Amino acid sequence: MDKIQSAERMDLIHSDIRGKLYHEALKLEQQGEKILRLNTGNPAAFGFGMPESVREALLAGMDRAVAYCDSRGMKDAREAICGYETGKGIRDITPDDVFICNGVSEAAQMLCLTMLDPGDEVLMPCPCYSLWSNGARLAGAVPVLYTCDEQQDWYPDEKDIEQKITPRTRALLIINPNNPTGAVYDKEALLRLLDIARRHHLIIISDEIYDRLVLDDIPHYSCAALAPDLPVITCNGLSKSHIICGFRCGWCVLSGKDDILSDIRDAMERLSSMRLCGNTLTQLVIPAALKDEASTKAMLVPGGRLWEQRRAVMEVISRTEGITAVENRAAFYLFPKLDIKSFGIEDDHAFGLGLLREKHILIVPGTGFGYPQQDHFRIVMLPEPDQLRTAMEDIGDYLNTLRERNMK
Ligand SMILES: Cc1ncc(COP(=O)(O)O)c(C=O)c1O
């Protein structure tokens with residue numbers, strides 16, 4: 001019998017966050033090397049603790065989580081989410097518009113399957129977090145990447161978006177705050193994006209998983225609140241704000257005038273039922289977590305880890321030749337640019353592999369986010385400030401070595 005092949009659609013699916021470099025890192029770890037993993041946004045792996053509010057809710061409610069629940073999610077959890085999103089200014093939603101999933105990751109896959117037909121196009125930001133491009137491809141749809149402009153603090157290029165709209169364009173994905181750039185969009189920019197969607201009859205998918213992790217007192221605006229008339233799907237979850245990535249806790253909320261998304265809601269109900277329900281243990285913690293803003297906020301102010309870690313990284317970058325970065329305004333990702341000519345870098349994977357082998361630091365190459373040039377990479381700024389400072393200096397040392405090799 002011939003070797004069994006995977007389905008063709010899988011040829012298109014890849015994640016460079018846990019891709020070739022990651023597997024090389026695992027090999028090195030097996031050989032006894034210690035690798036600093038700056039590839040995944042997984043705060044608990046760097047000593048961030050789960051908030052007490054979450055622990056208490058989980059322990060107190062365990063018995064309630066034994067049975068399957070409503071396939072859309074537990075009632076009190078959906079009510080809490082509805083309250084949270086209403087608090088963000090989203091109007092006329094009820095718990096029936098909320099679907100709790102095993103992370104935003106599962107919500108994204110389910111939404112792509114319910115919304116997209118083969119050949120449909122979805123506009124997605126470039127650089128793009130691969131969850132959404134993979135989700136579209138699994139549904140047979142086509143991710144069409146629009147430029148986010150580094151010169152404009154990584155804001156979306158509206159002209160580029162307009163140019164890429166075709167009769168097959170079905171949705172516009174906005175990731176705000178953004179991964180991997182850390183950008184937070186202001187109200188005016190969002191209103192302009194929403195207006196494009198309005199003029200071209202597009203669904204807005206708004207991934208707002210980092211909305212509670214905004215730094216520098218910048219306000220965060222939910223797209224659905226700014227455009228109550230439009231069909232908007234708002235995605236959010238507790239993985240990062242409450243340090244429970246492993247719990248797999250995310251949701252989506254459907255909104256829009258005249259119940260415009262009722263067909264999608266019906267399809268989501270059927271798809272949710274197919275997998276019976278999401279993990280109930282994680283749902284137990286949603287009401288308590290959404291009430292507990294303090295533990296998240298403590299990370300974001302001077303003295304808080306996310307604030308201090310960003311400062312450590314930016315300080316080293318500012319004195320390292322050949323590397324620049326637009327400071328992130330939220331979350332803990334940075335997407336620095338390298339002066340690849342001076343370092344003789346032609347391939348960002350090769351750069352990542354060299355850094356891994358020589359300095360034992362694992363990053364994600366920019367092309368892994370669909371970025372068209374070889375001159376960017378992403379790091380997560382989750383280790384403690386001193387460790388991050390040393391890591392950035394090690395990256396600087398490695399770049400110096402490349403520069404010297406290049407000059408020979
Ligand atoms: C922009 C964005 N959306 C969604 C997710 C998925 O989060 P989860 O599946 O843990 O809810 C992530 C994870 O890093 C992300 O960065």
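The values are calculated or read from the model by the stated rules, or taken from the named source; none is laboratory data. What you see is a predicted model, and the numbers here were worked out from it, not measured in a lab. Don't worry about glycine lacking a Cβ; one is built from the backbone with ideal geometry, like all the others, and counts go over all protein chains shown.
So ALA189 fits all but one of (1) more than 18 Å from the chain's Cα centre (by Cα); (2) within 16 Å of the ligand (Cβ to nearest atom); what number is the exception?
(2)
Which residue pairs have Cβ atoms closer than 9 Å, lie 6 or more positions apart in sequence or on different chains, and pair a first residue in the range 1-30 that is in the same structural domain as GLY354 (by TED's automatic domain parsing) and in a helix (DSSP H, G or I) with a second residue that is modelled with pLDDT under 90 and of a type outside the set (Asp, Glu)?
Listed pairs, sorted by first residue: TYR22/SER15.
Within the range 272-291, can you find the residues that are touching a helix residue (DSSP H, G or I) at 6+ places or on another chain (Cβ under 9 Å) and hydroxyl-bearing (Ser, Thr, Tyr)?
SER272, THR280, THR282
Based on what the data block shows, is ARG170 touching a strand residue (DSSP E or B) at 6+ places or on another chain (Cβ under 9 Å), of a type in the set (D, E, K, R) and either without any contact (Cβ under 8 Å) to a residue 12 or more places away in the chain or not in a helix (DSSP H, G or I) (or both)?
On the way: touching a strand residue (DSSP E or B) at 6+ places or on another chain (Cβ under 9 Å): yes; of a type in the set (D, E, K, R): yes; either without any contact (Cβ under 8 Å) to a residue 12 or more places away in the chain or not in a helix (DSSP H, G or I) (or both): yes.
Here the answer is yes, as ARG170 does meet what is asked.
Looking at the range 11-18, can you tell me whether even one residue there is within 16 Å of the ligand (Cβ to nearest atom) and in contact with a Cys (Cβ under 9 Å, 6 or more places away or on another chain)?
no
Of all residues in the range 384-399 being free of Cβ contacts under 8 Å to residues at least 60 places away in the same chain and over 12 Å from LEU36 (Cβ atoms), which is surrounded by the most Cβ atoms within 10 Å (Cβ to Cβ)? Even if it seems obvious, please write down each step before you answer.
Initially, the range 384-399 is screened for residues free of Cβ contacts under 8 Å to residues at least 60 places away in the same chain, giving 390, 394, 397-398.
Subsequent filtering for residues that are over 12 Å from LEU36 (Cβ atoms) retains 397-398.
Details: ASP397: 13, TYR398: 19.
Here the answer is TYR398.
Being in a loop (DSSP other than H, G, I, E, B) and either within 12 Å of the ligand (Cβ to nearest atom) or small (Gly, Ala, Ser) (or both) is the filter here, so list the residues in the range 96-127 that pass it. So that I can check it myself, show each step before the final result.
Residues of the range 96-127 that are in a loop (DSSP other than H, G, I, E, B), as a first pass: 102, 116-120, 127.
Within the range 96-127, ASN102, GLY119, PRO127 meet the criteria.
Considering only the range 159-167, I want to know if a residue exists there that is part of a loop (DSSP other than H, G, I, E, B), outside the structural domain of PHE377 (by TED's automatic domain parsing) and in contact (Cβ under 8 Å) with a residue 60 or more places away in the chain. Lay out the reasoning, then the answer.
Applying the first criterion (part of a loop (DSSP other than H, G, I, E, B)) to the range 159-167 yields 164-167.
With the extra rule that they be outside the structural domain of PHE377 (by TED's automatic domain parsing), the set shrinks to 164-167.
Okay, now just the ones that are also in contact (Cβ under 8 Å) with a residue 60 or more places away in the chain, so none.
No; the residues of the range 159-167 include none that is part of a loop (DSSP other than H, G, I, E, B), outside the structural domain of PHE377 (by TED's automatic domain parsing) and in contact (Cβ under 8 Å) with a residue 60 or more places away in the chain.
Just one of (1) loosely packed, with under 14 Cβ neighbours inside 10 Å; (2) part of a loop (DSSP other than H, G, I, E, B); (3) of a type in the set (A, V, I, L, M) trips up LEU59, so point out which.
For LEU59, the exception is condition (2).
Answer with yes or no whether PRO143 is at pLDDT 95 or above, closer than 16 Å to ILE203 by Cβ and part of a strand (DSSP E or B). Write out each step before concluding.
Working: at pLDDT 95 or above: yes; closer than 16 Å to ILE203 by Cβ: yes; part of a strand (DSSP E or B): yes.
Yes; evaluated as a whole, the condition is true for this residue.
Given the condition within 16 Å of the ligand (Cβ to nearest atom) and either of a type in the set (A, V, I, L, M, F, W, C) or closer than 19 Å to HIS242 by Cβ (or both), answer yes or no: does some residue in the range 83-95 qualify?
Restricting attention to the range 83-95, the residues satisfying the condition of being within 16 Å of the ligand (Cβ to nearest atom) are 84-85.
Next, from what is left, pick out any that are either of a type in the set (A, V, I, L, M, F, W, C) or closer than 19 Å to HIS242 by Cβ (or both): 84-85.
Yes.
How many residues are of a type in the set (A, V, I, L, M, F, W, C) and within 11 Å of the ligand (Cβ to nearest atom) when one looks only at the range 202-238?
Going through the range 202-238 one residue at a time, the tally reaches 5.
Output yes when any residue across the range 37-53 is among the basic types (Lys, Arg) and part of a helix (DSSP H, G or I), and no when none is. Quick ask: steps written out before the conclusion?
Kept after step one, since they are among the basic types (Lys, Arg), are these residues of the range 37-53: 37.
Next, from what is left, pick out any that are part of a helix (DSSP H, G or I): none.
For the range 37-53, residues among the basic types (Lys, Arg) and part of a helix (DSSP H, G or I): absent.
So which residues in the range 181-211 are in contact with a Lys or Arg (Cβ under 8 Å, 6 or more places away or on another chain) and within 19 Å of TYR333 (Cα to Cα), if there are any at all? It would help to see each step written out before you state the result.
We begin by selecting, within the range 181-211, every residue in contact with a Lys or Arg (Cβ under 8 Å, 6 or more places away or on another chain); these are 182-184, 202-203, 209-211.
Passing the criteria: GLY182, ALA183, VAL184, ILE209, TYR210, ASP211.
Somewhere in the range 128-139, is a residue within 18 Å of PHE369 (Cβ to Cβ), within 15 Å of the ligand (Cβ to nearest atom), touching a residue at least 40 places away in the same chain (Cβ under 8 Å) and touching a Cys at 6+ places or on another chain (Cβ under 6 Å)?
no
If ASP160 meets every condition in (1) surrounded by fewer than 18 Cβ atoms within 10 Å (Cβ to Cβ); (2) within 22 Å of ILE209 (Cα to Cα) apart from one, which number is that one?
(2)
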